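Enquirer: Dumping the structure here so I can ask a few things about it.
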Amino acid sequence: MRVVQFLQVLLLLILGGYLLLVSLENPGRMRLPLPFSDGEVLLPSGLTLGLALLLGALYCALLLLPPLLQSRIGRRQAVRRRREAEERLQLTLRSRLGEAAPLVAQAPAGYAPTSTKAQP
């Protein structure tokens, strides 16, 4: 995981340096050289800034994705472990009470059952 974070920080520094150098070189309209060819793109400064903000938002999403996935996986594992523990406890209780005895919910404290039989 640390390698991914190192690469993300390195990519951010490269993008920041690239934008800084290009903005210093071109004050009005920006010429963005294409990374894998000899051509370049001529864009207004506002559009270039918008693209930079979009790249930054995508980068932030990329930074947040691993912790979010880890927390989601952790919650699923916790729910699964809790469910398995409850099932084991129910099986243990049933084996101690016997299969014929149904599980009965306890009445709340302070509850006094009333008799429904008619008195003679």
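Enquirer: I'd like to verify a number: residues in segment 30-46 that are closer than 18 Å to Gly17 by Cα and part of a loop (DSSP other than H, G, I, E, B), how many?
Expert: 3
Enquirer: Also, I was wondering about something else. Taking the criterion of being in contact (Cβ under 8 Å) with a residue 60 or more places away in the chain and either closer than 26 Å to Gln8 by Cβ or not aliphatic (A, V, I, L, M) (or both), would at least one residue in segment 66-83 satisfy it?
Expert: Yes, segment 66-83 contains a residue that is in contact (Cβ under 8 Å) with a residue 60 or more places away in the chain and either closer than 26 Å to Gln8 by Cβ or not aliphatic (A, V, I, L, M) (or both).
Enquirer: In addition: For segment 28-47, enumerate the residues that are surrounded by 14 or more Cβ atoms within 10 Å (Cβ to Cβ) and touching a Ser or Thr at 6+ places or on another chain (Cβ under 8 Å).
Expert: Scanning segment 28-47 gives Met30, Leu32.
Enquirer: Check Ala101 against each of (1) modelled with pLDDT under 85; (2) more than 30 Å from Val3 (Cα to Cα); (3) among the small types (Gly, Ala, Ser); (4) loosely packed, with under 10 Cβ neighbours inside 10 Å and name the one condition it does not meet.
Expert: Ala101 satisfies all of (1) modelled with pLDDT under 85; (2) more than 30 Å from Val3 (Cα to Cα); (3) among the small types (Gly, Ala, Ser); (4) loosely packed, with under 10 Cβ neighbours inside 10 Å except (4).
Enquirer: Restricting attention to segment 23-60, which residues are aliphatic (A, V, I, L, M) and free of Cβ contacts under 8 Å to residues at least 12 places away in the same chain?
Expert: Selection gives Leu24, Leu34, Val41, Leu47, Leu49, Leu51, Leu53, Leu54, Ala57, Leu58.
The values are calculated or read from the model by the stated rules, or taken from the named source; none is laboratory data. If you're wondering where the values come from, they're calculated on a predicted model, not measured in any experiment. So basically every Cβ, Gly included, is an ideal-geometry build from the backbone, and we count neighbours across all protein chains shown.
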